[in-house]
Amino acid sequence: MEVGCLLLFRTLSSPLIRPPLRRHSWPVPSSPLLRASSSPPPLPSPPSAYPQGAYRGPKPRRDLVGDWVSNNDGFVRSLPIFVGGLSLLAVLLNRAFSGIAPVTDASSSQSRADILTLALAVTNLLSGLVWLSIRPKYISPVVPQGVDCKRINSKIANYAVLELLWAWESLSATTCCRSLVVVHGGFCLLQIGVAAESLTEVGEAVAVDVHKLIQSSVYRNVAESGKQSYLANLSLYPAKSELPFLPTTTQAVILQPLGNSGIAIIGGDTIRGFTDLDQAWITLIAEKLDVTLSKSQDN
Amino acid sequence: MPSLSRASHVSAESSTRGESAREMERGCGTILGGSIPLLQPRRKGANSLFPRSSSRRAQNRRRFAGVRAQDRNSQQQQLNLSVLRFTLGIPGLDESYLPRYIGLGFGSLILLNHFFSSSSSNVTSAQLRSEALGICLAAFSTALPYLGKFLKSATPVDRSSLPEGNKQIFVMSENASVTQKEDLAWASYVLLRNTNTMSVLIAVGDVLCVRGYWNMTEDLSKAHIVEWFKSQIQQTGFHDLEDTLYFPQKPDSDSQLGRMLPKGTLSLLVQPVLSTSTPTINVTKKTEGFVLLVSSADYAYGDKDRAWIRAVANKFQGINASRNFHGVETSQ
């Protein structure tokens, strides 16, 4: 998406990456196109302001409450607690200073009102506590130490190469993935991203020793079970030594089998950085890769 | 009786090569209807008050199918929850809406109390103060689930249900190449499975793929369906879209859009497929097509979902170029 933007911005004086205004220089150079970017959602404008070829359909409304809550996340989380706590105090004080006997006697309508209000205050309090407890903890990513590399096996067909590169771009853009190694059919087909620096050749990445990898315990476990293996905190696992090509500061690794004859090793820069959703997507992408790579191997 | 709930579902089931390959073969045959598992229990994820998920300090009490997560500690950076949760065990009751029900119920009781007491005796000012506070609290409690939806840890609860009046279809343009058909079949399958989606429409170049539950009034043949969708798309102008278009709530149903979309649409996401920047391609058009997703739940697509959908849409980048390029391989 950035590439498309860069094309447009060649004619602009100030290069901006997601600005609210964009000059539309093709194909009608006379009238500039003023559009808002899609996040937050753009406000509707009269269709006559758009030249030919621009989208003129309905646009979503701006969601002010949603934006405000997202921006003030911490404050909103503790809001119910304060509201509930203060109301609790207020009810008790009201009762104390109004000269009513401090007995919750349900026969009096005052007491009934108080009890109902207290129950509501407690609900708010509990809700606030739950919101606080499910606050996601922010774990900062660790910069992977190594060299950038992009090694593609020349034996595979071009469409397979394109698919592998697409998989890499998807993973690096949407997840915390920083290194990707794909081994299939006994060969290392792709080693891309950050890799550990070789000790003998400075500036070069460590090559993937496929023989050793296939005999290693991580590969055998994954191949036997046929299921994805997620090492959320790599420093806790001894398997680290069996993956010497990954940067030393890799925090999380996903080992995804590609059918019966391959494995994809995905290294991330954050502890527990891959979510459930990421794992599910990686599983499905791996199926597609397996089919494509097998097809390429058969030819 | 309140009970401790068990685990969350993990959407990915055990993946075998056969399953995906079958999907692609099915795509080539352009089967109409079929037994595609469309609405998987995606993530019974959480929302404000009483979300459901697996336990903290998980001792592998999670029920999972195919994906083994070896993290012991519960907190994750993004949406997932692994905390011991409280649930009433009533199916269909969304615990995150409990504050709303309590707020409405108790608020009405306060009003009842007020009118009952004002008819029988004098209402003291202390009671009035108490009741006013109670009404304010009730209003605030009612708004709590709505606010909670926007918090960072709120996952879209899979409240989606299949609305009536739609038909399940799976059609593809006839003029697509074999690799294109495979890609389209796989992409539509993956989008239906991994996101909270009811229907999918992929239009790239001059190739169309429609899958899921759509509002088909008459029984048309496959070719007619494709033509009908093409004409509908022409009128909506989605081909001119350059940015992601996301309607988290029901889009305006009176417009052209409403006629095309299935009944019960609550969220709509249109993701354009941007063209690659190689200088050989004529870049008067910045997009090559789009991917349209419809869901029967509102706020269905979070940031992460949208990022992955963008990644899937990028798969179709350069499809027009690759079509010529794959001239040799299309014979497979």
key: Estimated FRET transfer efficiency (A:R61, B:C136; beta-carbon r; R0 35 Å; 0.05)   = 0.80
task = Sticking with the crude label model, points 7 Å out along Cα→Cβ, report the distance from A:K137 to B:E164 in nm, one decimal please.
result = 4.9 nm
Qualifying GluC sites (Glu not before Pro) for the range A:175-240 [loop in DSSP, other Cβ within 10 Å: at most 11] = A:E201
message = Whole percent per 10 Å bin, from 0 to the bin with the longest distance: what is P(r) over all C-alpha pairs of the range A:157-225?
response = 17, 40, 39, 4
request  = Return the long-range amide H neighbours of B:L274 (sequence gap of 5 or more, or a different chain), with a cut-off of under 5 Å between placed amide H atoms.
outcome  = B:E288
note = With a ≥ b ≥ c from the Cα gyration tensor eigenvalues, square-rooted, and the rule rounded for a/c under 1.5, otherwise prolate when a/b > b/c and oblate otherwise, the range A:224-271 is prolate
remark   = Listed by chain and number, the lysines with an alpha carbon less than 28 angstrom from that of A:K59, same-chain partners under 8 positions apart left out, are B:K149, B:K152, B:K167, B:K230, B:K250, B:K263, B:K285, B:K286, B:K304, B:K315
Karplus (6.51, -1.76, 1.60) ³J(HN,Hα), θ = phi - 60°, over the range A:265-280, in Hz, Gly and Pro reported as x = 10, 10, x, x, 9, 9, 5, 6, x, 8, 8, 3, 4, 4, 4, 5
request  = Decide, for the range B:136-247, between rounded, prolate and oblate: order the square roots of the alpha carbon gyration tensor eigenvalues as a ≥ b ≥ c, take rounded if a/c falls under 1.5, and otherwise choose prolate if a/b is larger than b/c, else oblate.
outcome  = prolate
key: Theoretical FRET efficiency, 1/(1+(r/R0)^6), r = Cβ-Cβ of B:Q249 and A:H211, R0 60 Å, to 0.05   = 0.60
request  = Work out the mean other chain Cβ neighbour count within 10 Å for the residues of B:180-187 and drop it here as an integer.
outcome  = 2
ask   = Roughly how many Å is it from the Cα centre of the range A:197-260 to that of the range A:118-143, as a whole number?
value = 37 Å
inquiry  = Can you give me the long-range amide H partners of B:L162? Hydrogens built in the peptide plane at 1.01 Å from N, cutoff under 5 Å, separation of 5 or more residues or another chain.
reply    = none
inquiry  = Please list 3J(HN,Hα) in residue order for the range B:112-123, calculated via the Karplus relation 6.51 cos²θ - 1.76 cosθ + 1.60 where θ = phi - 60°; whole Hz, with x for glycine and proline.
reply    = 4, 4, 5, 6, 5, 6, 6, 7, 8, 8, 6, 8
message = With a cap of 15 neighbouring Cβ atoms within 10 Å, and only residues DSSP puts in a loop, list the trypsin sites (Lys or Arg not before Pro) found in the range B:199-263.
response = B:K263
request  = Report the calculated FRET efficiency for B:E227 and A:F82 (r = Cβ-Cβ distance, R0 = 60 Å), to the nearest 0.05.
outcome  = 0.50
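Since every read-out is calculated from the coordinates, none of them should be taken as a lab result. Owing to the predicted nature of the structure, the values given are computational and were not obtained by experimental measurement. Methodologically, a virtual Cβ is constructed for each residue, glycine included, from the backbone with ideal geometry; neighbour enumeration extends over all protein chains shown.
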